[in-house]
Protein chains: 2
Amino acid sequence: MIPRRLLASWAAQTRALLKWLCLTAPVAALIGSACALFLWSLDRATQARFEHPTLLYALPLAGIAIVWVYGRFGGRADGGNNLIVDQIHEPGAGVPLRMAPLILAATVVTHLFGGSAGREGTAVQLGGSLASGFTRLAKLSPADTRLVLMAGVAAGFGAVFGTPVAGAIFALEVLSLGQVRYEALLPCLIAALVGDWTCHAWGIEHTAYIIAAGEGGFHLQGWLLAKVTLAAVIFGLGGLAFSEVSHSAAALVRRLCPQPLLRPVLGGLLLIAFVHILGTRDYLGLGVWSADPGAITLPGLFQAAPYHPFSWLWKALFTITTLATGFKGGEVTPLFFIGAALGHALAGVMDAPTDLLAGLGFVGLFAAAANTPLACTLMGIELFGAAHTPYIAVACFVAYAFSGHSGIYLSQRIGVPKA
Amino acid sequence: MIPRRLLASWAAQTRALLKWLCLTAPVAALIGSACALFLWSLDRATQARFEHPTLLYALPLAGIAIVWVYGRFGGRADGGNNLIVDQIHEPGAGVPLRMAPLILAATVVTHLFGGSAGREGTAVQLGGSLASGFTRLAKLSPADTRLVLMAGVAAGFGAVFGTPVAGAIFALEVLSLGQVRYEALLPCLIAALVGDWTCHAWGIEHTAYIIAAGEGGFHLQGWLLAKVTLAAVIFGLGGLAFSEVSHSAAALVRRLCPQPLLRPVLGGLLLIAFVHILGTRDYLGLGVWSADPGAITLPGLFQAAPYHPFSWLWKALFTITTLATGFKGGEVTPLFFIGAALGHALAGVMDAPTDLLAGLGFVGLFAAAANTPLACTLMGIELFGAAHTPYIAVACFVAYAFSGHSGIYLSQRIGVPKA
């Protein structure tokens, strides 16, 4: 009764589902555990930094240690996220396993001494390197290797931010601008769910962000949608500016300091100088929480008062200085901070709800800088709830359209150019 | 300071944003208004059907009238959704404007006399035909014509279901299996938002579906996730079976009744016979609400009691009979009903929350039958809230993987084959 080709197709799909469960769930559980260890260490390091403010003055030395260790033992691990994206595009020698402990330790050291960096780079590298080690152990074909590497990225991203569906879509969307890799739907979703789950099982909790504005639904607020669109254009330009200035700053540092070991000395001294010139330590570290109740933090930017008109600029300055001079960590949590701070400032100028604009900047700037509008729309929904879906989509899609063809991932290819 | 190429790119993007606002917002407002008129008429027709039960016996005659009018005046309008998808792939003579009034009237007549059909086909055809008329009036280039047609589909879909972001993604995803058309992000999002907004502005309200289960978060319920995965496999097979049986039934009817005017007579008589054999009228019409408080309705399927183990089968039988014999309307609201009914039945077998499984069947069966997993994930979120995002993604992605390469839209092309 049922045609034979259908039975064959169902059998093939069942095999594929079971295969991806077996190939990705164990490695995703490992990646989720590594992310839990990373987030726990990061929290301890941040705590220690607040308890011992003088650690900041050792930042140049810490940077020398990071660069020396990478130079001595890192090998190709210094390629970071770009190496992983390259290995997915064209599976070759793989991602070295040493990348995992190196990036975890280097990111924690960066944060312990006050560097301004993020988490997603570390999580993606943990995921990519553990997944790549697994593909070599299991002697997978190049086609399967690509998919397991993508699954590793999804697991790391989903676990570190507690947003599994966004993590899956991120891995599908980040490789090539303007394309979603449907062939990896199942491996990436399984890995992101297992990664997030494992990380939670270790007792890790994620920061909650609340947007109370707009609960009445968006149908009554056309004027607000116009303001959101204009803000999204600015988020797009902000994301583009962050990418371009980051790349230019790194090139400038390489030209000014041909000796790699001197670069973090320059970066560390600059950060110490910024702290003294601005008279605040609020832009050091991750920026998600602070021991000082008066400090500017990521959740605090969702509140209208006090008003911080230029915190986005200072956070960008601190982050670009940190990452361009050899310290380690991701760009994404600083991008969340910069975006939320930009939204916070625009809300004051535009007379729009601060929490909504901070949340839209949070995901919009990232959508622009990483060229991942669908993943960031899902991330906004997973973090802020479904009530704001139309605003979130406008912020991410419009910011993406306005961020040009560059991005924070240099290995990202151009699939479908923007109009 | 700012490189000239960036300024040029920003100017180009601003022009693009303004261009798509001008090209799509007015036509989307028109489509949203047409959808409001359609939904209002459908409601009146359903009301009239409950007030005058004998109308059912005129169903064969009503079908003859529909087929005669299409044959006499329809021209290429009888191509329906497939004509629109074809014209987006290869802009040619366009979609005739007469498709809009014809499909609106034919769908309302189908429902007035008790045919079991849906709304999305009608909304997509209203959108495609009005958008196509506009592209001819404005003498747009073939490239712009494609994008405005896609925007018309997004506007119709977003407006008719009250899910604008899902509407936008649907238009980007439905053309080719396994691909998202990033070049149309902005036109489709603008059109879907404007379409939905306009429809609401006319006072149309959409049915609310509540899933109370799983509010505690999915991290504690691994066993439930396993049940959801298994249910999703069944939703995928269900979506595939619906597509295949629909196409086979239409072919069979064409062979049995070479005279097109006789086909709806056959269909109408069969539906009358089914009503008398089953002793219920619950599977006639849209199935979203009923004048009879004891009837099986789409929102009622979200409740555990009373238990309906085979309502999915009967609704499929009624719908396939209706649509294969020349009556008009969409497949999607019946697919929602069939999916929710299948989820309702599986919840009983699997000892899982009925509301959750009904909601997942609602979007999962549609994801499988239309090959649009991302759009259906967003639709689930827009309808049921963000708390269930991981379950919704599993239901839509897994159901998609298991539905093979056929689907309800015959003009859909295969972009990236399934594994």
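Test residue A:168 against the stated conditions and say whether it is of a type in the set (Gly, Ala, Ser) and closer than 25 Å to residue B:387 by Cβ. Judged against the criteria, residue A:168 is a match. For the stretch A:221-240, indicate whether the set of residues that are farther than 30 Å from residue A:352 by Cα, out of contact with any strand residue (DSSP E or B) (no Cβ under 7 Å at 6 or more places or on another chain) and buried (at least 20 other Cβ atoms within 10 Å of the Cβ) is non-empty. No, the stretch A:221-240 contains no residue that is farther than 30 Å from residue A:352 by Cα, out of contact with any strand residue (DSSP E or B) (no Cβ under 7 Å at 6 or more places or on another chain) and buried (at least 20 other Cβ atoms within 10 Å of the Cβ). Per the conditions (1) farther than 13 Å from residue B:80 by Cβ; (2) not in a helix (DSSP H, G or I), the sole criterion not satisfied by residue B:144 is (2). When the stretch B:320-342 is filtered for residues that are in a helix (DSSP H, G or I) and more than 15 Å from the chain's Cα centre (by Cα), the ones remaining, listed by number, are B:321, B:322, B:324, B:341, B:342. Kindly provide the set of residues from the stretch A:8-33 that are among the polar types (S, T, N, Q) and either out of contact with any helix residue (DSSP H, G or I) (no Cβ under 7 Å at 6 or more places or on another chain) or within 11 Å of chain B (Cβ to nearest Cβ) (or both), ordered by number. Residues satisfying the conditions are A:9, A:13, A:14.
Within the option set A:369, A:358, being at pLDDT 95 or above, more than 17 Å from residue A:225 (Cα to Cα) and away from chain B (no Cβ under 11 Å) holds for one residue only, A:369.
Pairs are defined by a Cβ separation below 7 Å, a sequence spacing of at least 6 or placement on different chains, a first member in the stretch B:226-240 that is within 12 Å of chain A (Cβ to nearest Cβ) and closer than 14 Å to residue B:368 by Cα, and a second member that is assigned to a helix (DSSP H, G or I) and aromatic (Phe, Trp, Tyr); the pairs so defined are B:236/B:400; B:237/A:10.
Of the residues in the stretch B:302-319, how many are buried (at least 24 other Cβ atoms within 10 Å of the Cβ) and not in a helix (DSSP H, G or I)? Selection size over the stretch B:302-319: 0. For residue A:196, the conditions (1) within 9 Å of chain B (Cβ to nearest Cβ); (2) over 25 Å from residue A:334 (Cβ atoms) all hold with the exception of (2). Remark: pairs (first residue in the stretch A:257-284, touching a residue at least 40 places away in the same chain (Cβ under 8 Å) and buried (at least 18 other Cβ atoms within 10 Å of the Cβ); second residue among the charged types (D, E, K, R) and outside any loop (DSSP other than H, G, I, E, B); Cβ separation under 8 Å; 6+ apart in sequence or on different chains) = A:263/A:254; A:283/A:315; A:284/A:49. Return a yes/no flag: does the stretch B:81-88 have any residue that is under 24 Å from residue B:146 (Cα atoms), among the acidic types (Asp, Glu) and without any contact (Cβ under 8 Å) to a residue 24 or more places away in the chain. The answer is no; no qualifying residue exists. Filtering the stretch B:194-213 to residues that are assigned to a loop (DSSP other than H, G, I, E, B) and of a type in the set (Asp, Glu) leaves only B:205.
Within the stretch A:1-53, if we keep just the residues that are more than 30 Å from the chain's Cα centre (by Cα) and hydroxyl-bearing (Ser, Thr, Tyr), the residue that is farthest from residue B:244 (Cα to Cα) turns out to be A:14. Counting only residues that are facing another protein chain (nearest Cβ under 9 Å) and in contact (Cβ under 8 Å) with a residue 12 or more places away in the chain, the stretch A:174-187 holds 8 of them. Looking only at the stretch B:368-419, residues that are within 23 Å of residue A:197 (Cβ to Cβ), of a type in the set (A, V, I, L, M) and more than 20 Å from the chain's Cα centre (by Cα) come to 3 in all.
Residue A:36 passes every criterion in (1) more than 14 Å from every other protein chain (Cβ to nearest Cβ); (2) small (Gly, Ala, Ser); (3) surrounded by 20 or more Cβ atoms within 10 Å (Cβ to Cβ) apart from (1). The number of residues in the stretch B:384-419 that are more than 9 Å from every other protein chain (Cβ to nearest Cβ) and assigned to a helix (DSSP H, G or I) comes to 5. Residues that are out of contact with any helix residue (DSSP H, G or I) (no Cβ under 6 Å at 6 or more places or on another chain) and crowded, with 23+ Cβ neighbours inside 10 Å within the stretch A:323-352 comprise A:323, A:331, A:333, A:345, listed in sequence order. The criterion of being more than 13 Å from chain B (Cβ to nearest Cβ), of a type outside the set (A, V, I, L, M, F, W, C), crowded, with 20+ Cβ neighbours inside 10 Å and more than 25 Å from residue A:418 (Cα to Cα) does not hold for residue A:162.
The values are calculated or read from the model by the stated rules, or taken from the named source; none is laboratory data. The model shown is predicted, which means the values in this text are computed figures rather than measured ones. Here Cβ is always computed from backbone atoms with ideal geometry, including for glycine, and neighbour counts include all displayed protein chains.
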